[in-house]
Amino acid sequence: MNITIANASHVKYAQVICDTIAESARVRGTGIAKRTPEYIIKRLLNGNAVIALDGDRFAGFCYIEVWGHQKYVANSGLIVHPDYRNQGLAKKIKKAIFDLSRKKFPDAKIFGITTGLAVMKMNYELGYRPVTFSELTDDPEFWKGCQTCKNFDILTRTERRMCLCTGMLYDPEDKSREKEKKIDKKSFERLRSIKETLFLKKKNG
Ligand SMILES: CC(C)(COP(=O)(O)OP(=O)(O)OC[C@H]1O[C@@H](n2cnc3c(N)ncnc32)[C@H](O)[C@@H]1OP(=O)(O)O)[C@@H](O)C(=O)NCCC(=O)NCCS
């Protein structure tokens, strides 16, 4: 498996990346921002993405987005092809994109929003902590990305204060995170279930 910073030679993988993201969202039944091949190509070309290849076969992808004049960066779009899951690949890609983010944007806070427990666990181990949305970027362009998610009405209804996703933030200034490295899985599952009951019930009923 080769995990590398993406470049022009990887443009041919844009379509399979989009298809894998869309298909995974469909199978999971959760909301996710939609990405077009053009959108992915931009990320493959700007030196801010990591791609994993098994020979010529696409295996995984993740990219960095810069917000609020480099005060914040997000590690977004993490995807591992179903053929390569549960072998520790996402963890390696996450670490690679995290290291790239720290190297290129050492002063930026790194954040993400996710409904996925796997992602929450990986983020936590890298030093991210759960935060309210008010601690994330207020750059409207970031939140625009949520418009294509099927839960966007919840985000609008709560005036962007909360949604089914949990916000997680790595603050380079915060040293307290060193103390605890393992996430309390049960708490996250409970939080997700509370949110789903609260928001989806209101939405459906
Ligand atoms: C989520 C995803 C990236 C995980 O990829 P992967 O290569 O199988 O993950 P890894 O093997 O590196 O596992 C990393 C950790 O997450 C855990 N994990 C993996 N899939 C999980 C799942 N569905 N639920 C809970 N935990 C999971 C693993 O047990 C591992 O934890 P550990 O280190 O404590 O053992 C992959 O399933 C995927 O692409 N899913 C669809 C897209 C998606 O959900 N992206 C996240 C956007 S919010």
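The values are calculated or read from the model by the stated rules, or taken from the named source; none is laboratory data. Since we're looking at a predicted model, the values are computed, not measured. We place every Cβ from the backbone using ideal geometry, glycine too, and count neighbours over all the protein chains shown.
Just to be sure, is E38 part of a helix (DSSP H, G or I) and over 18 Å from the mean Cα position of the chain (by Cα)? Spelling it out, E38 is indeed part of a helix (DSSP H, G or I) and over 18 Å from the mean Cα position of the chain (by Cα). Residues in the range 50-75 that are surrounded by 21 or more Cβ atoms within 10 Å (Cβ to Cβ) and among the small types (G, A, S): A52, A59, G60, A74. Look at the range 116-131: where a residue is in contact (Cβ under 8 Å) with a residue 12 or more places away in the chain and a partner is assigned to a loop (DSSP other than H, G, I, E, B), sitting 6+ places away or on another chain with Cβ atoms under 7 Å, you get M120/I183; K121/I183; Y124/I183; E125/K181. Scanning the range 77-92 for residues that are in contact (Cβ under 8 Å) with a residue 40 or more places away in the chain, surrounded by fewer than 13 Cβ atoms within 10 Å (Cβ to Cβ) and either within 6 Å of the ligand (Cβ to nearest atom) or among the hydrophobic types (A, V, I, L, M, F, W, C) (or both) returns no hits. The set of residues in the range 99-125 being over 11 Å from the mean Cα position of the chain (by Cα) and crowded, with 19+ Cβ neighbours inside 10 Å consists of L100, S101, A108, K109, Y124.
Screening I40 against (1) closer than 17 Å to C146 by Cα; (2) in contact (Cβ under 8 Å) with a residue 40 or more places away in the chain leaves a single unmet condition, (2). Looking only at residues in the range 28-47 that are more than 16 Å from the ligand (Cβ to nearest atom) and among the hydrophobic types (A, V, I, L, M, F, W, C), the one that is surrounded by the fewest Cβ atoms within 10 Å (Cβ to Cβ) is L45. Which of the following residues is at pLDDT 95 or above and in contact with a Ser or Thr (Cβ under 9 Å, 6 or more places away or on another chain): I41, I110? Criteria check complete, one pass: I110. Taking into account only those residues within the range 48-76 that are farther than 17 Å from L126 by Cα and either within 12 Å of the ligand (Cβ to nearest atom) or of a type in the set (F, W, Y) (or both), which is nearest to the chain's Cα centre (by Cα)? In this case the residue turns out to be F61.
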